[in-house]
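Nothing in this text is a laboratory measurement; each read-out follows from the coordinates by a stated rule. Every value quoted in this text rests on a predicted model; they were computed, and no experiment measured them. FYI the Cβ positions are ideal-geometry reconstructions off the backbone, even for glycines, and counts take in every protein chain you see.
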There are 2 protein chains.
Amino acid sequence: MSDAGGEDHGHESTPSRRRARKRLREGCERALEQARRGPLGANPRVGAALLSPSGELLATGFHRGARTPHAEADALAVARERGLDVHGATCIVTLEPCAHAGRTPSCARTLVDAGIGRVLYAVRDPHDVAANGSAILRSAGIDTRLWSDALPASVGRDLTARAAELNRRWFQATRESRPFVTAKIAQTLDGYVAAADGTNAWITGEDARAEGHALRSVVDAIAVGTATARADDPALTARDAHGRLGARQPRRVVIGESPLEPHSRLAKAVHGPEHARPLLYRTRDIRGVLEDLRADHGVEHLLIEGGPRLISAALSLDLVDDLWIHQAPTMLGAGTPSVAGLGIETLSERLDFDIVPESLHMSGSDLLFHAIPRTRQQTPTKGE
Amino acid sequence: MSDAGGEDHGHESTPSRRRARKRLREGCERALEQARRGPLGANPRVGAALLSPSGELLATGFHRGARTPHAEADALAVARERGLDVHGATCIVTLEPCAHAGRTPSCARTLVDAGIGRVLYAVRDPHDVAANGSAILRSAGIDTRLWSDALPASVGRDLTARAAELNRRWFQATRESRPFVTAKIAQTLDGYVAAADGTNAWITGEDARAEGHALRSVVDAIAVGTATARADDPALTARDAHGRLGARQPRRVVIGESPLEPHSRLAKAVHGPEHARPLLYRTRDIRGVLEDLRADHGVEHLLIEGGPRLISAALSLDLVDDLWIHQAPTMLGAGTPSVAGLGIETLSERLDFDIVPESLHMSGSDLLFHAIPRTRQQTPTKGE
């Protein structure tokens, strides 16, 4: 690890060298800011900043989620729109540029083609297919380094840690060969998802439900437990405010040991067209189901919508990456708790989260926010 | 009710008359905005705007809570600071100026002395002592009217309704001859105030606890139930971040049928100096206790800190005017629920609130917000 900033390898600290370091550091900050604008989901959150050869900020960009341009391409498009020359520019990006050419060329190739002069990335891409973007860049003769190798040690460490934290749960899901898991809880202020007699339509209001449908339209699959499938007879489709089906529908998944009601909507769909058939997993091995969904069905983002038993089991196994809490301004004092059976006896065993402050908002009269599980102290219990 | 704006009593709508109305209406909007900045508590939330005789906005003000200047005095002080002449000005205020001279002269007298030319107030003051501020103003020859009499009917109705809504719960508490009641719940994301084994120190973090102590320092009294008094042995004092006692301490109140533990802090204080003695009510008649606290102990703002049984009983009886929810980013899945025994069987019987969007904030890693009970559809059950 070098302690010198930018292209300077000497030990002297001249004003111009300090200025260059300061600009790199600011570029990293801009890239991190951009990354935070992206959604959590199938893809990591990535931000990019383009600096001119003399260090001026040319453009920034970020990744808006699956099926949209990557951060590097977004920043290049912004620069192009502004009519700016990116030849010889430095691209600062929070994650290693991908090597994966799919619908679009890989980011590494895009950067080479754009004539970028230097690439600084914060964190290595853990994804198999994409893992050698830096090799592509280097073989094209582009100076390609980690932030930690381009910035003074303490600054580089701090910025790198922040870039890693942005996608901590996404890295974990990738390592565990499972989809990124979003769980959604729609509860009362006192934590119930249904009243004592089972009534639950509707706890949250129209606006919050519309946000729920928007979420359904971006995930690859939605899972519910068999108890919920039996109690609510859900369609698990993504619909607009008028009840119309969206163009993109998530795969429907039912997990649990009980069979479906034979006349339920999900049971009927088993005999429908192949792509719309629910996947039924008669098991309680959630981790196994997740691995199968990723490997055999290409599910990279799974939404667990309920019920409490399935969400609680996933939380206990540390399989929830992003928890959406929709809180209705109402109290019941009794009913079905949103979470149960975590096996927690005393306060020190609690499951801790970080509430995402930027996610906090009112949706109609409901409160919505994201909570990200904190890193567990001990190894989580594995499957059954 | 006149349909003409300002001082115009004719039916013609000239450009200057329309402009005058528009300015009055904007003045009412400013006064409402200001009022919303004030805290809920012993005193109503009030905002004021001063307009020059030609209709220009001179100054605004609001009431910052017990032991601070009223909104009219605040606006006059702002105008004075700016060196502005308020002679002949219009004072627009969201509540009838008070007639009560205490530590400071009454607002009605203050407005007369300042040479104000016209007073427009939204809502009559329901408070006995203060109820004839408008009479004082009129007998001093000041044109004094309700907003609804000074603005076109539909506009006046809307603005008046908003002014009334600002203090809906305060009016209710005043009508019921009881203190304004704030209840505070510090719970997990899933609605528990203690783990299964009873551990509860601490659910929320330091910042949220500091906000709790700041609240204790402004209320007149704090109440807990006997179960909490026995389980937690609380001191119920207002302390700063270093544990030092604040200058102003709330009266301590214990409500419930069980006796105190003889060696508890509260039991010992019974033999201490008179002003620091806890008030012990061996009853479950909360409404009776509240009436007594107001009538015999001058308690105008009561904080109910717990436990769940006392808060739930107060909620059931519609005796909570402002609910503070401190939500820690943690889950337990079991334990002591924050609220219980509301007797609600089905969703339609739920207790509804309005979350106050401006109150929503992060306090350290905890989420804090206020929820105001909505108007009940049916008459709440009285007493036991």
Computed from every Cα-Cα pair in the stretch A:12-96, P(r) in 5 Å bins starting at 0 and rounded to whole percents is 3, 18, 25, 21, 15, 10, 5, 2, 1, 0
Mean separation of Cα contacts under 8 Å (at least 6 apart) over the residue count of the stretch A:17-69, i.e. the relative contact order in percent, is 34
What helix-only [θ] at 222 nm does chain B give? Using -39500 (n - 2.57) per DSSP H run of at least 4, over all residues, to the nearest 500, the answer is -9000 deg cm²/dmol
Rg/Rh of the stretch A:14-58 (Cα atoms, Kirkwood Rh), to two decimals, equals 1.13
Heads up, the stretch B:312-364 by the C-alpha gyration tensor (a ≥ b ≥ c square roots of eigenvalues; a/c under 1.5 rounded, else a/b over b/c prolate, else oblate) looks oblate
Per residue of A:317-326, other chain Cβ atoms within 10 Å number on average 1
If amide H atoms are modeled at 1.01 Å from N in the peptide plane, then the residues at a separation of 5 or more from B:Ser363, or on another chain, having amide H under 5 Å from its own are B:Leu368
Phi angles of the stretch B:257-267, converted by Karplus (6.51 cos²θ - 1.76 cosθ + 1.60, θ = phi - 60°) into ³J(HN,Hα) in whole Hz with x for Gly and Pro, give 8, 7, x, 6, 5, x, 9, 6, 4, 5, 5
For chain A, inverting the pair-averaged 1/r of distinct alpha-carbon atoms gives a Kirkwood value in Å of 22.6
Around A:Ala241 (Cβ within 15 Å, Cβ-to-Cβ, excluding A:Ala241; K/R +1, D/E -1) the net charge comes to 0
The answer for B:Leu279, listing residues at least 5 apart or on another chain whose modeled amide H is closer than 5 Å to its amide H, is B:Arg252, B:Val253, B:Val254
For A:Gly47, the residues 5 or more places away or on another chain with a placed amide H closer than 5 Å to its own amide H are A:Ala35, A:Thr94, A:Leu95
Looks like the stretch B:132-285, by Cα gyration tensor root eigenvalues a ≥ b ≥ c and the a/c under 1.5 rounded cutoff (else prolate when a/b is bigger than b/c, oblate otherwise), is prolate
Note on the stretch B:123-227: contact order normalised by length, alpha-carbon pairs under 8 Å, 6 or more apart, percent, works out to 14
Toy charge model, Lys and Arg Cβ at +1, Asp and Glu Cβ at -1: the protein assembly as shown dipole around Cα centroid in debye, rounded to 20, equals 820
Taking only the Cα positions of the stretch A:6-156, the convex hull volume per residue in Å³ is 106
Under the Karplus relation with 6.51, -1.76 and 1.60 and θ = phi - 60°, whole-Hz ³J(HN,Hα) for the stretch A:185-193, x at Gly and Pro, equal 10, 10, 10, 7, 4, 9, x, 9, 9
Output ordering of B:213-219, A:279-285 (per-residue mean of other Cβ within 10 Å, highest first) is B:213-219, A:279-285
Per-residue average of other protein chain Cβ atoms inside 10 Å, peptide B:336-348 -> 6
Over all pairs of different Cα atoms in the stretch B:70-197, the reciprocal of the mean inverse distance gives a Kirkwood radius in Å of 16.8
One computes Rg over Rh for the protein assembly as shown from alpha-carbon atoms, with the Kirkwood Rh, and obtains 1.03
Applied in sequence order to the stretch A:319-331, the curve 6.51 cos²θ - 1.76 cosθ + 1.60 (Karplus, θ = phi - 60°) yields integer Hz couplings, x standing for Gly and Pro, of 9, 9, 9, 8, 9, 9, 10, 9, 10, 7, x, 8, 10
About its Cα centre, the stretch B:77-151 carries a charge dipole, from +1 on Lys and Arg Cβ atoms and -1 on Asp and Glu Cβ atoms, whose size in debye to the nearest 20 is 80
Taking alpha-carbon centroids only, the stretch B:277-325 lies from the stretch A:185-228 a number of Å equal to 35
Partner shielding of B:366-372, as the mean number of partner chain Cβ atoms within 10 Å, equals 3
Taking the axis of the rotation relating chain B to chain A, the B residue whose Cβ comes closest, together with that distance in whole Å, is B:Gly191, 1
at B:His242 the sorted inter-copy label distances (label 7 Å from Cα on Cβ side), in nanometres, are 6.6
Sorting from shortest, the nanometre distances separating the label point of B:Glu29 (7 Å past Cα along the line to Cβ) from those of the same residue in the other copies are 3.7
The convex hull of the Cα atoms of the stretch B:279-356, divided by residue count, gives a volume in Å³ per residue of 141
Note on chain B: contact order normalised by length, alpha-carbon pairs under 8 Å, 6 or more apart, percent, works out to 14
Partner aspartates and glutamates whose C-alpha sits under 16 Å from that of A:Lys22, ignoring same-chain residues fewer than 8 away, are A:Asp3, A:Glu7, A:Asp8, A:Glu12, A:Glu56, A:Asp149, A:Asp158
